[in-house]
């Protein structure tokens, strides 16, 4: 079986049960888009203690 068939988006796009889960998560957490210029400061590893200076700060 191909891996792509396991994750076929079309199987889930109209799933009301999945949509309920998505809706409840969106209600629970504020969803804010991160501007493109701030994405370079996002740490996927979760290291929030890193001292990163933005270019306008001289770093």
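Nothing in this text is a laboratory measurement; each read-out follows from the coordinates by a stated rule. Here the structure is a predicted model, which means the values were calculated and not measured. Note that each Cβ is placed from the backbone with ideal geometry, even for glycine, and that neighbours are counted across all protein chains shown.
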* Asked: Sorted by mean Cβ packing within 10 Å, highest first, what order do the peptides 26-33, 12-19 take?
  -> 12-19, 26-33
* Point-to-point label distance, residue 10-residue 34, nm (Cα→Cβ direction, 7 Å offset) -> 3.3
